[in-house]
Amino acid sequence: MSSGDSFYITTPIFYPSDVPHIGHGYTEVAADVLARWHRQAGDDTWLLTGTDEHGQKMLRTAAAGGMTPGEWADRLVAESWIPLLETLDIANDDFIRTTQPRHETGVQAFVSKLHDDGFIYTGEYEGYYCVGCEEYKQQSELVEGTGPFEGQQVCAIHSKPVELLQERNYFFRMSDFQEKLLALYEERPDFVQPESARNEVVSFVKQGLADLSISRSSFDWGIPIPWDGDHILYVWFDALLNYATAVGYGKDEEQFERRWPGIQLVGKDILRFHAVIWPAMLMAAGLEVPKHVFAHGWLLVGGEKMSKSKLTGIAPEQITDVFGSDAFRYYFMRAITFGQDGSFSWEDLSARYQAELANGFGNLASRVTAMVTRYVGGVVPAPGEYTEADLKIQATVARATADADAAMERFAIHEAIGAVWTIVEELNGYITEQEPWVIAKDETRRERLATVLYTAAEGLRSLAVLLSPVIPKATAKLWTALGAEAGLGALAVQPLRDAGGWGQLPVGSQVTKLEALFPRIEQEVETPAAAPAGA
RNA sequence: GGGGCGGUAGCUCAGCUGGUUAGAGCAGUGGACUCAUAAUCCAUCGGUCACGGGUUCAAGUCCCGUCCGCCCUACCA
């Protein structure tokens, strides 16, 4: 909690041949909101994202498009993934690509160390190989054969028998870490979050860990094994290390010391890699494991996991084009309990936009700035003596700030926003009850008018600060309209944990007209057709 | 097969170690008000807490069973 602490948070790195959908956006926004919160609170914050560009699938899709995998990745990164971050207003501090030299050298240093320390050995990988697919198949990818192949296991794609093949590979002694991992989960119950994710991981590890095959020799799009040029590193081993190489592992000791360890935010589908393999790798290398591995849930559309094949995949632009990036950010952070699966629907998005952003917060900002402009010439007036109603607002602001910060510490982003929203609700009620438009007609009550307007404006000031990590664009406009920058400086540097202190907006600040922060969207929002075909 | 999570008002969800008449938001209905993005505020309607047993003075909240949904059961990323 103390100011200046390192807060290093990562998202999973994108596999660029996917098409960006709102699930990717959801992860990015969550990490960004947490990072912005901590950054503005004065913590030494670093937000990392990037792309995972190795692996057989990249090689194949690139070849299919007549390109080298490197060219293919360059194009996808430039055309899809960097734009995604812009679309969603993500303020990442770094973007790592696993094809960058800084990553490859760091990875090789890491693997060499494990090799030197005896955590890697040569073994035989045995698996079912499908000639048609040209790759090994997992048991789950095999089905019972029919017809001539009755009684045999066949490839689910080609319906032909698979061969049992062996291949010389390098293995990581992951099984050595079973007990250490269990001890870690035990000693640090918040290492894997949320609780449901932790349970799955614990029961999985208790079933026993096998060593992990970490090299491939059947294709060459990957990082070479330093001591054996015929093998490349298994792509997950490579990919996970981005969290370390991006902050200087094996290269910039000072930066690494400053950032490490971090927080890995992931989707629950890749939890195991992050909660089992990853900490085992770090333990082997003598590095600290992450502070937390937090698995968020899936977005459900129509009660099912969103998927392209079912035409439920939604491109982020479909939402931001209509509602804007702030609304995207707000909606997913507010409507979904962070860590659980959450339902997405256009109806819900539209309803919340209207009720909460437009009618709630946007209209509050609008009515307050309008009254200050109309009744006191746009100059924030000095408050007189506070009454019980005014003090109640002050208490609400203080409590909301404390509650929100506590919630953010627990990754309960939805709760944090809920806590801040109590200010919106209280303030709207306060204004309606105080009736400044009635007071304004009575010349003998100028001081009371000033007090009410100051309370409302100062309340808005706190909202601008507290909501800026979530809806940075709208709060920036509000900050300008409040004329706060002249006396307080830029919104982005307002210390978040002090946002609950009363009386920060300087008397005399020049309030100006405010355009609608979240204009009503009159059009009937219909479910658009499936996402546009990807690259 | 084994394991996990969930099934609470029309919708989305809260309900911690069991304890007064089960809550919120939205939607619906009625009223107040006019500063504001026809916004806001107040009131109100609405639930056999999946089902069946059990423990208990007391169960949505613990135990057993059943049904339904989703997920995990290791090297595509």
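The values are calculated or read from the model by the stated rules, or taken from the named source; none is laboratory data. Computed from a prediction, not measured in an experiment: that's the story for all the values here. Because the Cβ atoms are built from the backbone with ideal geometry, glycine has one as well, and the counts that use them run over all protein chains shown.
Okay, here's what the table says:
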| read-out | value |
| --- | --- |
| Matching residues, the stretch A:365-389, being within 30 Å of residue A:520 (Cα to Cα) and either surrounded by fewer than 22 Cβ atoms within 10 Å (Cβ to Cβ) or in contact with an Asp or Glu (Cβ under 6 Å, 6 or more places away or on another chain) (or both) | A:366, A:367, A:370, A:371, A:373, A:374, A:375, A:376, A:377, A:378, A:379 |
| Unique match (being within 29 Å of the chain's Cα centre (by Cα), more than 10 Å from RNA strand B (Cβ to nearest atom) and of a type outside the set (Phe, Trp, Tyr)) among A:405, A:442, A:390 | A:405 |
| Unmet requirement for residue A:507, which otherwise passes all of (1) among the aliphatic types (A, V, I, L, M); (2) more than 14 Å from RNA strand B (Cβ to nearest atom); (3) touching a Leu at 6+ places or on another chain (Cβ under 8 Å) | (3) |
| Criterion violated by residue A:195 - all others in (1) over 30 Å from residue A:59 (Cβ atoms); (2) at pLDDT below 70; (3) acidic (Asp, Glu) satisfied | (2) |
| Tabulated pairs, the stretch A:19-35, first modelled with pLDDT of 95 or more, second among the small types (Gly, Ala, Ser), C-beta under 8 angstrom, 6+ apart or interchain | A:32/A:91; A:35/A:91 |
| Listing of helices (runs of 4 or more DSSP H) fully contained in the stretch A:415-499 that carry 2 or more residues being within 18 Å of residue A:366 (Cα to Cα) | A:436-439, A:446-467, A:472-481 |
| Check on residue A:425, within 29 Å of residue A:39 (Cα to Cα), charged (D, E, K, R) and surrounded by fewer than 18 Cβ atoms within 10 Å (Cβ to Cβ) | yes |
| Candidates A:294, A:273 - the one that is more than 30 Å from residue A:482 (Cβ to Cβ), near RNA strand B (Cβ under 8 Å from one of its atoms) and modelled with pLDDT of 90 or more | A:273 |
| Unique residue being among the polar types (S, T, N, Q), modelled with pLDDT of 70 or more and within 29 Å of residue A:9 (Cβ to Cβ) when the list is A:68, A:105, A:122, A:61 | A:105 |
| Residue list for the stretch A:24-38, filter: of a type outside the set (A, V, I, L, M) and surrounded by 21 or more Cβ atoms within 10 Å (Cβ to Cβ) | A:24, A:25, A:26, A:28, A:32, A:36, A:37, A:38 |
| Residue in the stretch A:303-321 that is under 19 Å from residue A:90 (Cα atoms), part of a helix (DSSP H, G or I) and hydrophobic (A, V, I, L, M, F, W, C) present | yes |
